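Engineer: One structure is given below, represented as structure tokens, and several questions about it will come after.
The values are calculated or read from the model by the stated rules, or taken from the named source; none is laboratory data. Keep in mind that this is a model prediction, so the values were computed, not measured. All Cβ positions, even for glycine, are placed from backbone atoms using ideal geometry, and neighbour counts span all protein chains on display.
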Amino acid sequence: MSEIHTIKLEILRPGPAHNQLLSPLTPYLVLCGADGPVTLSLPFEQRQLLIRLERLRYSTGKTAVPASQREAELHELGETIGEMFAQVPALLAELGSVRSQKEKFVHLRLSLSAFELALLPFETAIAPEGFPGSGSPIFLQSKTPITLTREVRRGQPLPVEWNRLPRILFIFASPGGLASVPAKQHLLALRRAIDPWIKITDDEEERLIEVKKILTVLPEATLEQIRQACMDTEYTHVHILAHGAPYDHAGDQHYGLALCSSTNPAELDVVDGERLAIALTTDRAATCTARLRPTVLSLATCDSGNVCSVLTPGGSIAHELHAAGIPWVFASQFPLWMRSSNIFAEVLYKRLLKGADPRCVLHELRQRLRISCPDTHDWASIVAYATVPSDFEKQVSDFRDQQTRKRIETKFERIDVLLKAKNSEGDNKKTLAPEMDTLCAGIRQELQAWRQELDAQSCGKELAERLGVSAASEKRIAIAYEQISNREKERVEAYQTACQFYRKAIEADISNHWVITQYLSMLAVTKLTEGGGLSGLARDYGYWWNAARQISHWQLPTAVGIERAWAYGTLAELEMLGAVYGGRKYNTEEGKETISRYCKEIMEIYGPQDFPVQSTVRQFRRYVDIWKQNKWDELARTALTALGAHG
């Protein structure tokens, strides 16, 4: 993944955010990078800009705007905004430093304090001389990819928790005789997006239950239903598909969301950003417990990013929702075509749920809309209000790792189901083997892509972790093939590959006692699988065994919680492997006492059903049931007994 270089561009003026019309006479203060402030005047009168923006709505009143006129207006506005960017020397300097670095992605954070500035379609900007992709739209060009997000200025940073278990709320409505919305297409897009994490089963009803654990649908929704749904469940992502509708407030026209009325669902309720924000961010009234707000809100709604009036407080729907504490809000500044809204939902959720950085996804979305909807300017209509904390890339990376592991685990769970059915119904190789091969190939592809994200200069600990997970997956594949007849070759190759991955993981992080332990385990298992003996391992690899034990003891005093449990689990397994690597001085009875003590330490931290205990039980049971060997059988059974499992 390309490194992301962030540039913050802040545009300020004195006075309240509202009640200021655009005028060339109004000076704005622009801050960028470490340079001093620059004074900027906008080349627009309020009325003039509104007339020009009206042409980008595809029609003025009941008269369609000719495509040639709309395209010319889009280009002229883009050039004007590009020239505004060129008046900020620090921005040009920042981009110049990035252009010299290959595979660099730029995130331009646009911080606005005035409502009238939100009227400007910054996303249409044409790159002026000296900017990447000169003469073409800045946020479409690929020479130096640049993505633009808007944000509300705040006194305190908005907390963001990106790495959360996804839970999606899909809301749609088309009340009061309005044209139907493409709810089916959006639902299918969301359904496809979550599919890699849905339990694989032949039972459709069971699969639907699993889908509902991630995706909730509110058809023909009312604001009260939305409030109740968000009060009952913490959603990480909310996707709203509805029409935008104008409404009057204090004599000014604004754009709202066309939902069903709570009193009469057949009637229209035009909801403003403030009411919607309250419904989406409500706390549990009974306990006054603070709730985590949705991390992402996507509005497949015309004019959801349109300010319309600057005279009274309150910006666009997207602005209000972002100001209310929702970190990422995707919206549309102009009318959004139905085909574009379908692509919007498809690209956004497929990529976000896989763990892609939303800044990169926004750039991909613009390019996809430009390619697939050439007769529209919906690529420029999409706006994103975003909060990006200092640790955001780490949060995104952790979420991507979590989602990758869950996709892999979903496939392994299916393998376990297939093997269980095979054991109860008899070996049916014709139906079992092909699906097994497909699942194993899918797991390996996932892991390969995951490893390739890291280059040779990446953090050794992170690389070792991914290599270790790859090795553990190969081990599970080998165990699965062990339960199918006539798959000896695949089984042996998987064990050998696991051993190789563990060795590479040690080279990436020599201090990782877990991968050293698993490497020693796989060396012994591979020898047994290939029909060899274990006698030479103590001579050739005994120093690795001693090193792993010493590292584990060094790290144990500072380990807490789950890390402490893993350390004890590693020490227990190493003690058992002492029967192979400890040489003649190894005492089996002392080993049993030590193993029992380490396993009881794990039980002091976690209960019998907790994951660390179950994981340790599963590993020792492999030595008893699968990797059968007299040298360690009694020791492994001692561990199982101490962990509360039957030996």
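Engineer: State whether one or more residues within the range 170-189 are over 30 Å from Arg57 (Cβ atoms), of a type outside the set (S, T, N, Q) and in the same structural domain as Thr282 (by TED's automatic domain parsing).
Structural biologist: The answer is no, given that none of the residues of the range 170-189 is over 30 Å from Arg57 (Cβ atoms), of a type outside the set (S, T, N, Q) and in the same structural domain as Thr282 (by TED's automatic domain parsing).
Engineer: Let me ask something else. Among (1) over 16 Å from Phe44 (Cβ atoms); (2) within 32 Å of the chain's Cα centre (by Cα); (3) in a helix (DSSP H, G or I), where does Lys143 come up short?
Structural biologist: The failed condition is (3).
Engineer: Something else about it: Tell me which of these Ala384 doesn't satisfy, since it passes every other one: (1) at pLDDT 95 or above; (2) surrounded by 21 or more Cβ atoms within 10 Å (Cβ to Cβ); (3) among the aliphatic types (A, V, I, L, M); (4) more than 23 Å from the chain's Cα centre (by Cα).
Structural biologist: Ala384 satisfies every listed condition except (4).
Engineer: Could you list, in sequence order, all residues of the range 636-647 that are outside any loop (DSSP other than H, G, I, E, B) and surrounded by fewer than 18 Cβ atoms within 10 Å (Cβ to Cβ)?
Structural biologist: Of everything in the range 636-647, just one residue is outside any loop (DSSP other than H, G, I, E, B) and surrounded by fewer than 18 Cβ atoms within 10 Å (Cβ to Cβ), namely Thr641.
Engineer: So, restricting to helices (runs of 4 or more DSSP H) that lie completely within the range 303-406, which ones have at least 2 residues that are under 18 Å from Pro145 (Cβ atoms), in contact with a helix residue (DSSP H, G or I) (Cβ under 7 Å, 6 or more places away or on another chain) and without any contact (Cβ under 8 Å) to a residue 60 or more places away in the chain?
Structural biologist: Passing ranges, in order: 338-354, 358-372.
Engineer: Which one is surrounded by the fewest Cβ atoms within 10 Å (Cβ to Cβ) among residues in the range 607-635 that are farther than 21 Å from Ala472 by Cα and more than 41 Å from the chain's Cα centre (by Cα)?
Structural biologist: Asn630
Engineer: Could I ask something else about it? Could we say that Leu292 is modelled with pLDDT under 90, within 23 Å of the chain's Cα centre (by Cα) and surrounded by fewer than 22 Cβ atoms within 10 Å (Cβ to Cβ) here?
Structural biologist: Here the answer is yes, as Leu292 does meet what is asked.
Engineer: Kindly indicate whether His18 is in the same structural domain as Pro137 (by TED's automatic domain parsing) and in contact with a helix residue (DSSP H, G or I) (Cβ under 6 Å, 6 or more places away or on another chain).
Structural biologist: yes
Engineer: Output yes when any residue across the range 93-106 is of a type in the set (Lys, Arg), at pLDDT 90 or above and either within 23 Å of Thr147 (Cβ to Cβ) or crowded, with 16+ Cβ neighbours inside 10 Å (or both), and no when none is.
Structural biologist: No, every residue in the range 93-106 fails to be of a type in the set (Lys, Arg), at pLDDT 90 or above and either within 23 Å of Thr147 (Cβ to Cβ) or crowded, with 16+ Cβ neighbours inside 10 Å (or both).
Engineer: Of a type outside the set (Ser, Thr, Tyr) and touching a Gly at 6+ places or on another chain (Cβ under 7 Å), is that true of Ala505?
Structural biologist: Against the criterion (of a type outside the set (Ser, Thr, Tyr) and touching a Gly at 6+ places or on another chain (Cβ under 7 Å)), Ala505 qualifies.
Engineer: If you don't mind, another one. Which residue, of Ala505, Ala524, Ala538, Ala548, is outside the structural domain of Lys631 (by TED's automatic domain parsing) and either touching a residue at least 12 places away in the same chain (Cβ under 8 Å) or not in a helix (DSSP H, G or I) (or both)?
Structural biologist: None of the other options fit; the residue is Ala505.
Engineer: Let me ask another. Could you pull out the residue among Pro128, Pro132, Pro166 that is in contact with a helix residue (DSSP H, G or I) (Cβ under 8 Å, 6 or more places away or on another chain), in a loop (DSSP other than H, G, I, E, B), within 30 Å of Asp401 (Cβ to Cβ) and not aromatic (Phe, Trp, Tyr)?
Structural biologist: Exactly one of Pro128, Pro132, Pro166 is in contact with a helix residue (DSSP H, G or I) (Cβ under 8 Å, 6 or more places away or on another chain), in a loop (DSSP other than H, G, I, E, B), within 30 Å of Asp401 (Cβ to Cβ) and not aromatic (Phe, Trp, Tyr), namely Pro166.
Engineer: I need the full set of residues from the range 195-226 which are within 21 Å of Ala242 (Cβ to Cβ), of a type in the set (D, E, K, R) and in a helix (DSSP H, G or I), in order please.
Structural biologist: The answer is Glu224, and nothing else.
Engineer: Does any residue of the range 534-556 turn out to be within 23 Å of Arg476 (Cα to Cα) and modelled with pLDDT under 90?
Structural biologist: Among the residues of the range 534-556, at least one is within 23 Å of Arg476 (Cα to Cα) and modelled with pLDDT under 90, which makes the answer yes.
Engineer: Additional query: Among Leu9, Leu74, which is the only one that is in contact with a strand residue (DSSP E or B) (Cβ under 7 Å, 6 or more places away or on another chain) and either surrounded by 16 or more Cβ atoms within 10 Å (Cβ to Cβ) or within 21 Å of Leu110 (Cα to Cα) (or both)?
Structural biologist: Selected residue: Leu9, the only one of Leu9, Leu74 that is in contact with a strand residue (DSSP E or B) (Cβ under 7 Å, 6 or more places away or on another chain) and either surrounded by 16 or more Cβ atoms within 10 Å (Cβ to Cβ) or within 21 Å of Leu110 (Cα to Cα) (or both).
Engineer: For the range 230-241, give me each residue that is modelled with pLDDT of 95 or more and out of contact with any helix residue (DSSP H, G or I) (no Cβ under 7 Å at 6 or more places or on another chain).
Structural biologist: Correct list: Tyr235, Thr236, His237, Ile240.
Engineer: Additional query: Just to check your reading of the model, which residue among Arg154, Arg192 is of a type in the set (Lys, Arg) and either touching a Cys at 6+ places or on another chain (Cβ under 9 Å) or part of a helix (DSSP H, G or I) (or both)?
Structural biologist: The match here is Arg192.
Engineer: Would you mind finding the one in Ala90, Ala127 that is buried (at least 22 other Cβ atoms within 10 Å of the Cβ) and either in the same structural domain as Pro27 (by TED's automatic domain parsing) or touching a His at 6+ places or on another chain (Cβ under 8 Å) (or both)?
Structural biologist: Ala127
Engineer: Please work out which residue is farthest from Val181 (Cα to Cα), limiting yourself to the range 208-226 and to residues that are surrounded by 15 or more Cβ atoms within 10 Å (Cβ to Cβ) and out of contact with any Leu (no Cβ under 8 Å at 6 or more places or on another chain).
Structural biologist: It comes out as Glu210.
Engineer: Can you give me the number of residues within the range 172-204 that are in contact (Cβ under 8 Å) with a residue 40 or more places away in the chain, within 30 Å of Ser397 (Cβ to Cβ) and either in contact with a strand residue (DSSP E or B) (Cβ under 7 Å, 6 or more places away or on another chain) or of a type outside the set (Lys, Arg) (or both)?
Structural biologist: Count: 9.
Engineer: Please go through the range 56-74 and pick out each residue that is over 26 Å from Ser113 (Cα atoms) and part of a helix (DSSP H, G or I).
Structural biologist: Listed by number, the residues that qualify are Ala67, Ser68, Gln69, Arg70, Glu71, Ala72, Glu73.
Engineer: Something else now. Please enumerate the residues belonging to the range 466-479 that are within 19 Å of Gln448 (Cβ to Cβ) and more than 30 Å from the chain's Cα centre (by Cα).
Structural biologist: Ala478
Engineer: Another one. Can we say Leu21 is free of Cβ contacts under 8 Å to residues at least 60 places away in the same chain and not in a helix (DSSP H, G or I)?
Structural biologist: So Leu21 fails the test.
Engineer: Taking the options Asp357, Asp416, Asp391, name whichever one is surrounded by 22 or more Cβ atoms within 10 Å (Cβ to Cβ), on the phi < 0 side of the Ramachandran plot and not hydrophobic (A, V, I, L, M, F, W, C).
Structural biologist: Step by step, each of Asp357, Asp416, Asp391 is checked, and only Asp357 is surrounded by 22 or more Cβ atoms within 10 Å (Cβ to Cβ), on the phi < 0 side of the Ramachandran plot and not hydrophobic (A, V, I, L, M, F, W, C).
Engineer: Considering the range 480-507 alone, what residues qualify as being more than 35 Å from the chain's Cα centre (by Cα) and surrounded by fewer than 16 Cβ atoms within 10 Å (Cβ to Cβ)?
Structural biologist: Ser485, Asn486, Glu488, Lys489
Engineer: Which condition from (1) touching a residue at least 40 places away in the same chain (Cβ under 8 Å); (2) closer than 25 Å to Arg359 by Cα is the one that Thr80 breaks?
Structural biologist: The number of the failed condition is (1).
Engineer: Still on this structure, please answer the following. In the list Thr63, Thr80, which residue meets the criterion of being more than 35 Å from the chain's Cα centre (by Cα) and within 20 Å of Ser381 (Cα to Cα)?
Structural biologist: Every option except Thr80 fails the conditions.
Engineer: Select from the range 29-49 the residues that are in contact (Cβ under 8 Å) with a residue 60 or more places away in the chain and not in a loop (DSSP other than H, G, I, E, B) and write down the one among them that is surrounded by the fewest Cβ atoms within 10 Å (Cβ to Cβ).
Structural biologist: Gln46
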